[in-house]
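After the structure tokens below, expect a handful of questions from me.
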Amino acid sequence: MQELLGVPAAVLFGQLLLGLINGSFYALLSLGLAVIFGMLNVINFAHGALYMTGAFVAWMLLNYLGIGYWPALVLVPIAVGALGVLMEKTMLSRLYKLDHLYGLLLTFGLALIIEGLFRNGYGVSGQPYPIPDILSGGYNLGFMFLPIYRGWVIIASLIICFGTWFLVERTRFGAYLRAAVENQQLVRAFGINVPLLMTMAFGFAVALAGVAGVLAAPIYQVSPLMGQQVIIVVFAIVVIGGLGSIMGSIITGLGVGIIEGLTKTFYPEGSAVVVFVLMAIVLVLRPHGLFGRPRT
Amino acid sequence: MRLGKTALLGAVFALAAGSAHADISDGVLRIGVLNDQSGLYTDLGGPGSVEAAKMAVEDFGGTVNGMPIEIVSADHQNKPDIGSNIVRQWIDVDGVDVIVDVPTSSVALAVQKVTAEKDTAFLMSGPASTRLTNEDCAATGVHYSYDTYALAIGTGKAMVQEGGDTWFFLTADYAFGHSLEQDTSNVVEENGGKVLGVVRHPLSSSDFSSYLLQAQGSGAKVIGLANAGGDTTNSIKQASEFGITQSGQRLAALLMFITDVDALGLDVAQGLTLTTGFYWNMNEETRAFADRFAARMDGQRPTMVQAGVYSAVAHYLKAVAEANDDGGKAAVDQMKKLPINDFFATNGTIRDDGRMVHDMYLAQVKTPAESTGKWDYYNILRTIPGDQAFQPLSESRCPLIKG
């Protein structure tokens, strides 16, 4: 077998593909964070908890109501998004005038509460969520066995990521949003309901976390810990990509997934910290992140 | 996460510091249950272990030689520094007389140093590393429910004898994982098998596909999972997703608790072979305890860690009552003199290196068809007698033995 960098080429390709799969999760989650930071100026620490909530709502739909994976893919983002709207309306919207730190502390507290509730109710071992029949099984690609479900996750995440990018960067709605970030007063003067715009943006970004939760449920155990395991990495990705940059978070998410995958091959012990090493390097060389612009 | 936990811990300390200074001479026996109460090992020990300790105290009558017994508990978050700080605080300020449970070998190793130094009894039900009765043994420590040697002898040996003679390990990268990998490798090699490779992953990983792919590439007949809790369940789940078991490789879940089987569901877990020190559905006595436990724990059946906590605390109380001394070494010396006979262990004895020797069981997870309901999960394949299950005293590297 041909070797690249001291490992069989087949193994290397397999690891790259796995990295891409994890990367697409990272991209989906960091995208939501980037939207929230870019539009609302809030560092949403509850994002991981909301992702976990998404997975749990999918599990509850299945176990209590018999509603399966495909309807969940639509219902869960709506439910989690609604929770987000509630959070924004009742709590976050009151903090916009204050320092970032208040939003961070509020969302951090919310994350602890949400996680605590699920932990008390369901323990930490996690609940099983089956892969839908049509997506079970896999293909032998020659260099690795690719479960169909993981392939579906890449495709679904990429569609959602680029759809979001298109919405924000290329549509009128997105233009209003970006304008509202630059100058609220002016946009308001044009008769646009800015607070509503903010609420919608937050609800949408939180719904993205909900979708990611549904996609993750069949791969990982549905566990109260799944949010905190991933959120720190996702924050690092947003910082590396440049705070608030949408394309930056998508590309960095995929890139970090791949780098992590390679680390797992060559130096597995370091796989949990490689993203932070990367973050440190990027911050030294480009303090605004790879795709970020200095904020005024 | 860290910020919040630190703040919480601060609050716990503040509360603890406010309570009265006391020790046994103040007429109270205090039991400190220390374990993971929020992370990946919560369900196997956690609040269940605290409840088991309470049951042991209640069954003992709530007092020892006329002195009331109190239970305190805390979350060590699987961090050795936090664990040893709590234990110091408990012993120095709060008058705690015995530390119980402490899963996560790295934390237990740190606590063992503190309790040895402060002459406080340490009853280990949760941790697995054999270092606790070898290099790091102490006259005040009792390693109670199981250890990595017993797991290796049980599951490792059984799988080699069934033809699984080439192994690849997925190892949690800390004291417990290393110990389990080492002990199992020894057993595999002694029985004519061969270890083809190892990959060490960080504790509490969520994605194992990359490691599993490396294990698959190695061509080993058996993939040994030298990890625990959520790491094990995620490994098993993803192994089935990547078609690893279908392609002929076998998984050896070297440490698996009944709560892990419950979390996976029998569809995924069926057929796995595992070693355990306790199964609730073995006889009248074990069922009676499990039913009482379940009634207090939302229907959950006890793991071997939780059942071990009950047994260890009950035995400790008996010893303290007889010796009328709660000094660590005095109490443990008395524990060593008495045999243990309860639902957990028959004729269990505590050796000079601190190892509690009792029978272990090789079990296989039932198929969904065989199971009669929730928590009916194991077929017991055979009993591994205590003298075979644990490392012989003659091989111990414990300084207390060498004199």
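Just to confirm the number: angle between the C-alpha axis of helix B:209-218 and the first principal axis of chain B, 0 to 90 degrees, nearest 10?
Once rounded, the angle reads 60 degrees.
Can I ask one more? Determine which aspartates and glutamates satisfy two conditions relative to B:K237: a Cα distance under 17 Å, and not lying fewer than 8 residues away in the same chain.
A:D133, B:D207, B:D260, B:D262, B:D267
Ignoring everything except DSSP H segments at least 4 long, calculate the 222 nm mean residue ellipticity for chain A; use -39,500 (n - 2.57) per segment, divide by total residues, nearest 500.
Computed ellipticity for chain A at 222 nm equals -24000 deg cm²/dmol.
Top mean-square fluctuation among A:Y149, A:Y220, A:Y139, Gaussian network model of chain A, C-alpha springs under 10 Å?
Taking springs between Cα atoms under 10 Å, the residue moving most is A:Y139.
With +1 on each Lys and Arg Cβ and -1 on each Asp and Glu Cβ, how big is the dipole of chain B about its Cα centre, in debye rounded to the nearest 20?
That gives chain B a dipole magnitude of about 540 debye.
I want the antiparallel fraction of DSSP beta bridges within the protein assembly as shown, as a percent rounded to 5.
Values: 21 of 56 bridges.
Roughly 40 percent of the beta bridges in the protein assembly as shown run antiparallel, per DSSP.
Rounded to the nearest Å, what's the spacing between the alpha carbon centres of region B:133-161 and region A:270-285? Just the number, please.
38
What whole number of Å gives the distance from the Cα centroid of region B:30-63 to the Cα centroid of region A:163-186?
54
How far is helix A:194-216 tilted, in degrees, relative to the longest principal axis of the Cα atoms in chain A, given as a value from 0 to 90 rounded to the nearest 10?
That helix lies at roughly 10 degrees to the long axis.
Cross-link list A:K264/B:K194; B:K157/B:K318; B:K54/B:K79; B:K318/B:K374: which exceed 32 angstrom alpha carbon to alpha carbon?
Violating the 32 Å Cα-Cα cut-off are B:K157/B:K318; B:K318/B:K374.
Separate question: How big, on average over all directions, is the shadow cast by the Cα convex hull of the protein assembly as shown, in nm²?
About 31.8 nm², averaged over all directions.
I've got another one for you. Given springs between every Cα pair under 10 Å in a Gaussian network model of chain B, which of B:A215, B:A263, B:A363 has the largest fluctuation?
Among B:A215, B:A263, B:A363, the largest mean-square fluctuation in the Gaussian network model of chain B belongs to B:A263.
Let me ask something else about it. Over all pairs of distinct alpha carbons, what does the Kirkwood formula give as the hydrodynamic radius of chain B, in Å?
Hydrodynamic radius (Kirkwood, Cα pairs) of chain B is 21.2 Å.
Starting from the Kirkwood Rh over alpha-carbon pairs, what translational D in µm² s⁻¹ does chain A have by Stokes-Einstein at 10 °C and 1.306 mPa s? Can you show the working numbers first?
Working: Rh = 19.8 Å.
Roughly 80 µm²/s, to the nearest whole number.
Once each part is reduced to its C-alpha centroid, what is the distance from region B:299-316 to region A:64-87 in angstrom?
40
When we measure straight from the Cα of A:K97, which lysines land under 23 angstrom away, once same-chain ones fewer than 8 places off are left out?
Reachable lysines: A:K89.
Still on this model: Assuming R0 = 56 Å, what is the FRET efficiency of A:S136 and A:R188, from their Cβ-Cβ distance, to the nearest 0.05? Please list the in-between numbers first.
Details: r = 51 Å, r/R0 = 0.91.
Plugging the Cβ-Cβ distance into 1/(1 + (r/R0)^6) gives 0.65.
Right, next: Taking chain A as a Gaussian network, where each spring joins two C-alpha atoms under 10 Å apart, which residue of A:G142, A:G14, A:G48 fluctuates the most?
Top of the fluctuation ranking is A:G142.
So for the pair A:R170, B:T63, with labels modelled 7 Å out along Cα→Cβ, what separation do we get in nm?
Modelled inter-label distance: 8.0 nm.
On a 0 to 90 degree scale, rounded to 10, what angle separates helix B:284-296 from the longest Cα axis of chain B?
It is inclined by approximately 70 degrees.
Computed from the coordinates by the stated procedures, all read-outs in this text should not be read as laboratory data. If you're wondering where the values come from, they're calculated on a predicted model, not measured in any experiment. Every residue, glycine among them, receives a Cβ derived from its backbone with ideal geometry; neighbour counts consider all protein chains shown.
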